[in-house]
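Below is one structure; the comments refer to it alone.
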Amino acid sequence: MSLPEGFQFTKTFEVGSFQVHPDGNISLSSLADFLQEIAWRHADSADFGRNLLESQLMWALSRLDIKVFDFPKWGEQITLFTAGRGADKLFAFREFMVWDQNERVLTRAMASWLLVNTETKRIQRPEHILPSELFDPTLKPDWQPKKISLSGDLLATEEIKVRLSDLDLYNHVNNTSYIRWVENLLYDNGIPPKGLLINYLAECVEGDTVMLSLFKKESGYLVEGKVGKKLVFLSKTKVVPLV
């Protein structure tokens, strides 16, 4: 089957009742869950996924940029597409697209990943592992998730205690748990996000206390996450008005 726009892997899902807000729209964190799931399925299908643990290697998501044009809704069948989009120095890029049943684009996203040795924590060159037909190291995408700089006026803070349900297979906080924290803080302050850019900067583990700080600037809102003095993540969010 030929896939659109050079995408390499596809999977259809149904949006569950446990994945939506009271308005029936999928949460950003649940949408990110789908992106993470199809990324793993694609990687596992081509032998650069969980099998890397046998070589003391793992993928660490560094940055993720999600652009939502329309939120998938409860009960809706959605089709996800993904593909490797080349590499730039130590970053490997993966693009995503989400269709509704009428092949209308609901979401686009781009992620940058780092290949990390689980023992030494040293970053490895991704082209040593990635199949060149999926991640051509001579190519790099025009759209790359950007580095976020903290600025703006402080609006609110919240402390989060890391619990078991926040963790992934590596006993670190799951990528999508950070997005859930950000999304909840934004909604608590009357800010409905439509898309999100996030930079993952350091690990969190069970028992950590994460201080979230929400900042307002002209172009949107920033959320900073810190454990003590350690900066763990930064996110940037554009908003839509509440209906």
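The values are calculated or read from the model by the stated rules, or taken from the named source; none is laboratory data. Remember, predicted model here, so these are calculated numbers, not experimental data. Glycine gets a Cβ as well: all are built from the backbone with ideal geometry, and neighbour counts include every protein chain shown.
Residues in segment 70-106 that are assigned to a strand (DSSP E or B), touching a residue at least 60 places away in the same chain (Cβ under 8 Å) and under 20 Å from I26 (Cβ atoms): Q77, I78, T79, L80, F81, T82, E95, F96, M97, V98. The requirement of being more than 23 Å from H42 (Cβ to Cβ), exposed (fewer than 12 other Cβ atoms within 10 Å of the Cβ) and touching a residue at least 60 places away in the same chain (Cβ under 8 Å) is satisfied by L154.
Output yes when any residue across segment 45-58 is in the same structural domain as A111 (by TED's automatic domain parsing), small (G, A, S) and within 19 Å of the chain's Cα centre (by Cα), and no when none is. Yes - at least one qualifying residue is present in segment 45-58.
Does at least one position in segment 176-183 carry a residue that is out of contact with any Asp or Glu (no Cβ under 7 Å at 6 or more places or on another chain) and among the polar types (S, T, N, Q)? For segment 176-183, residues out of contact with any Asp or Glu (no Cβ under 7 Å at 6 or more places or on another chain) and among the polar types (S, T, N, Q): absent.
Considering segment 118-138, and only residues there that are more than 14 Å from R85 (Cβ to Cβ) and hydroxyl-bearing (S, T, Y), the residue that is surrounded by the most Cβ atoms within 10 Å (Cβ to Cβ) turns out to be T118. Taking segment 170-243 as the region of interest, the strands (runs of 3 or more DSSP E) fully inside it that hold 3 or more residues being over 15 Å from the mean Cα position of the chain (by Cα) are 209-217, 220-227. Does E76 qualify as being at pLDDT 95 or above and either outside the structural domain of L201 (by TED's automatic domain parsing) or surrounded by fewer than 22 Cβ atoms within 10 Å (Cβ to Cβ) (or both)? For E76, the condition - at pLDDT 95 or above and either outside the structural domain of L201 (by TED's automatic domain parsing) or surrounded by fewer than 22 Cβ atoms within 10 Å (Cβ to Cβ) (or both) - is met. Just one residue in the set K230, K236 is without any contact (Cβ under 8 Å) to a residue 40 or more places away in the chain, surrounded by 13 or more Cβ atoms within 10 Å (Cβ to Cβ) and basic (K, R); that residue is K230. Residues that are closer than 18 Å to S30 by Cα and among the small types (G, A, S): does segment 170-182 have at least one? Checked segment 170-182: at least one residue is closer than 18 Å to S30 by Cα and among the small types (G, A, S). For P131, indicate whether it is over 30 Å from F13 (Cα atoms), at pLDDT below 90 and either outside any strand (DSSP E or B) or not β-branched (V, I, T) (or both). Judged against the criteria, P131 is not a match. Among the residues of segment 191-243, those that are among the small types (G, A, S) and farther than 27 Å from E95 by Cβ comprise G207, S213, G228.
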